[in-house]
Amino acid sequence: MKKTKLILAILLGLWQTMQAQVTDAIKGAAKASGSVAKSYSSGGGDAAASGCANGCADIGCQILFTELFVNMWSYHESLYRGNVERINSIEVEATAYSNLVEPYYGFRPRVRGNWGLFSTDFRVAMLYDQAPDGSFGGFHTKDWQILGLNLIALDEFNLRVGSGFMYQDFDQKSYWENTAMADVYLNDWQIGAEGRIASQTSGAAPRKELSLKISRKIAERGHFSTHFIAQGVYNRYFNAVDTWLFGGGIGIKFQ
């Protein structure tokens, strides 16, 4: 019996040692990727801008972009003045997560503003784990989707795409990040899926993310409504470290 307990204790200790420091594994993968690749820099943007300037010298290209802008603004006006109230709103969320098997946890406060066709979205993604000695490690990013477009905005469905950046606190590096989000609305219920992918000039993608969310409106007063959120989030960092988080929280919407 004593031998059985000893073996179980050893196995548990090894499991905790291998699994507990997920944040250190992410940082290690980031450093390894950084040795062969660089984060987003203005050089690539200058080259792209130069290419665009040369290409757009053609009068046909200028007409095309003018028509595109006019059509986008017209669509924005129709959304802004339409009957879909959430398309002109401010949303605030606070969610907490944990892994159901391994000892790591996440917290993600978030705020989003919608104005017709356009939106902007900022969140802080915090990941913590606990080592066998009881100490805590952390990996934090600040993620700002500078410009989002509500491409489809109906009473029952919303499709949004956006671009912005992901900023890693521990090494102060930034990466360009693109997102796509789809939501279905059924009375007081909302079912949504979101995908994110951050990129760098070469090397592994700093982060790929897929999340599924279910929320329900639990209270409403005037222009304010409160929602309960349940969510699952999968992340893959630098093509090396996977995390799974499940949790929930509260959302407040003003529209």
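Bear in mind these aren't lab numbers, they're just calculated from the coordinates by the rules spelled out. Remember, it's a predicted structure, so these values are computed and weren't measured experimentally. We place every Cβ from the backbone using ideal geometry, glycine too, and count neighbours over all the protein chains shown.
A few comments on the model shown:
- Remark: ILE250, ILE152, ILE229, ILE87 ranked as ILE152, ILE250, ILE229, ILE87, counting other beta-carbon atoms within 10 Å and listing the fewest first.
- By the Kirkwood approach, averaging reciprocal distances over each pair of separate Cα atoms, the range 80-149 gets a hydrodynamic radius of 14.2 Å.
- Working from the Cα coordinates of the range 191-255, the gyration tensor eigenvalues give, after taking √(5λ), semi-axes of 32, 13, 7 Å in decreasing order.
- Karplus-based coupling profile of the range 25-30, in residue order and whole Hz: 5, 5, 4, x, 5, 5, with θ = phi - 60° in 6.51 cos²θ - 1.76 cosθ + 1.60 and x standing for Gly or Pro.
- Taking the fewest neighbouring Cβ atoms within 10 Å as the starting point, the ordered list for HIS227, HIS140 is HIS140, HIS227.
- Hydrodynamic radius (Kirkwood) for the range 112-196, which is based on Cα pairs only, to one decimal in Å: 14.7 Å
- With q set to 0.10, 0.17, 0.20, 0.22 Å⁻¹, the log10 of I(q)/I(0) for the range 124-255, from the Debye formula over equal scatterers at the Cα positions, is -0.40, -1.05, -1.29, -1.42.
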